[in-house]
């Protein structure tokens, strides 16, 4: 391993996703009851909040309700391709390679998904071109 590979570590959470059954009820609870800062709502069935710089995504559950509630931890990285390569070299198997998930004014959101040993879904996220995000290119 190179020095860059051995010094690399995941240390910042960028987004957490929670399954919900009714988006309108969930948005009202998080926005009005908990007082969280509502950011935006996007199809299909997602709403986003700011939680002290960590984004909370509420998404309508796609399962039948038999599964236990679960979250997806998104780790913010500066260079998603370098992080993907480093983790792959450490034996991490990605379910989805880095891909452009959303293009907004001033930045692109890139994601790559993988699982921990217990099969919990995790992700790398990079906001390319965003203030404080990854640089362009």
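Nothing in this text is a laboratory measurement; each read-out follows from the coordinates by a stated rule. Keep in mind that what you see is a predicted model, and the values were worked out from it rather than measured. A quick note on method: Cβ atoms are made from the backbone with ideal geometry, for glycine too, and the neighbour counts reach across all protein chains shown.
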Taking every C-alpha to C-alpha distance in segment 77-137 and binning by 5 Å from 0, the per-bin percentages run 4, 20, 29, 22, 14, 8, 3, 0
Comparing 82, 42, 70 in a Gaussian network model of the chain (Cα, 10 Å), the one with the largest mean-square fluctuation is 42
Quick shape check on segment 33-107: root eigenvalues a ≥ b ≥ c of the Cα gyration tensor, a/c under 1.5 is rounded, otherwise prolate if a/b tops b/c, else oblate, and it reads oblate
Given (i) 49, 37, 23; (ii) 41, 36, 22; (iii) 42, 27, 26 as possible values of Cα extents along the principal axes in Å, the one from the coordinates is (i)
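Determine the gain in length on full extension of the stretch residue 60-residue 93; use 0.36 nm per residue of separation and subtract their C-alpha separation, reporting nm with one decimal.
Details: separation 33, 0.36 × 33 = 11.88 nm, distance 2.67 nm.
Length gained, residue 60 through residue 93: 9.2 nm.
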With only helices counted (DSSP H, runs n ≥ 4, each -39500 (n - 2.57)), the per-residue ellipticity at 222 nm for the chain, to the nearest 500, works out to -4000 deg cm²/dmol
Taking Cα pairs closer than 8 Å and at least 6 residues apart, the relative contact order of segment 77-137 in percent is 32
So the angle from the long Cα axis of helix 80-89 to the longest Cα principal axis of the chain, reported in degrees to the nearest 10, equals 60
1/(1 + (r/R0)^6) with r = Cβ-Cβ of residue 2 and residue 73, R0 = 25 Å, i.e. FRET efficiency to nearest 0.05, evaluates to 0.45
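Which FRET efficiency, nearest 0.05, do residue 119 and residue 46 yield, Cβ-Cβ r, R0 22 Å? Let's see the in-between values first.
Details: r = 23 Å, r/R0 = 1.04.
Efficiency computed from Cβ-Cβ geometry: 0.45.
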Per the C-alpha gyration tensor (a ≥ b ≥ c, the square roots of its eigenvalues), segment 11-62 is rounded if a/c is under 1.5, else prolate if a/b beats b/c, else oblate; here it's oblate
